1. State, to one decimal in nm, how far the label point of A:A60 lies from the label point of B:I36, with both points 7 Å from Cα in the Cβ direction.
2. Per-residue mean of other chain beta-carbon atoms within 10 angstrom of the beta-carbon, peptide B:45-52?
3. With only alpha-carbon atoms counted, please give the Rg and Dmax of the protein assembly as shown, in Å.
4. If you consider only alpha-carbon coordinates, what radius of gyration and Dmax does chain B have, in Å?
5. With a point put 7 Å past each Cα toward its Cβ, work out how far A:L77 is from B:A84 in nm, to one decimal.
6. Of the options A:V26, A:Y90, A:P47, report the single residue whose Cα projects farthest towards the positive end of the charge dipole of chain A (beta-carbon charges: Lys, Arg +1; Asp, Glu -1).
Protein chains: 2
Amino acid sequence: MIRVVVPATVPVSALPRALELYRELVEETRTETGCISYELLQRADDPTRLLLVEEWESRAHLDAHTRTPHFVRLVALLDEVEHAEPAVIYSKVL
Amino acid sequence: MIRVVVPATVPVSALPRALELYRELVEETRTETGCISYELLQRADDPTRLLLVEEWESRAHLDAHTRTPHFVRLVALLDEVEHAEPAVIYSKVL
């Protein structure tokens, strides 16, 4: 199993639009094979700072996810309203 | 419910010691009231970069956690072998 963390920063004015896109991304992604969890978090001290936290059965499932039509479409739209840092892949140690 | 994310960097030479301390911290913390999950992740591309990912029923439960003897003792010992960034508190949006 692998974890993926993707920090993103969204201007306040673009938050409603970004959350709308994330909602669609989350709903579609959770139906994908191998998706264990896929959640969007928001910093308590700064609502413009979001964190996508994902858990996948394998790297292959994650890679397949990034090739799905909804991922490609929605990430392109999100890129117009947010600055996302590169995804970081983790494994669980404890 | 709240989430807490704590990034930390550990020199390779100190990893065994840090993981030993984290193991104790994780085992003790998971028995605490209000602790939903408490996991240590390690970056796939850089084993010196760790990430503690926590979920608590409330801020009060988290605050109580930081006052427990094991937390105080183990974090002090971890501080000797790692550089931890400040904990960041999130709420789940989606």
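Bear in mind that the values in this text are calculations on the coordinates, not laboratory data. Quick caveat, the model's predicted, so the values are computed rather than measured. Don't worry about glycine lacking a Cβ; one is built from the backbone with ideal geometry, like all the others, and counts go over all protein chains shown.
1. Rounded to a tenth, the inter-label distance reads 3.2 nm.
2. On the way: counts 3, 1, 2, 0, 2, 3, 6, 1.
For peptide B:45-52, the averaged partner shielding equals 2.
3. 17.1, 50
4. Rg, Dmax (Cα atoms, Å): 12.9, 39.
5. 4.0
6. The Cα lying farthest towards the positive end belongs to A:Y90.
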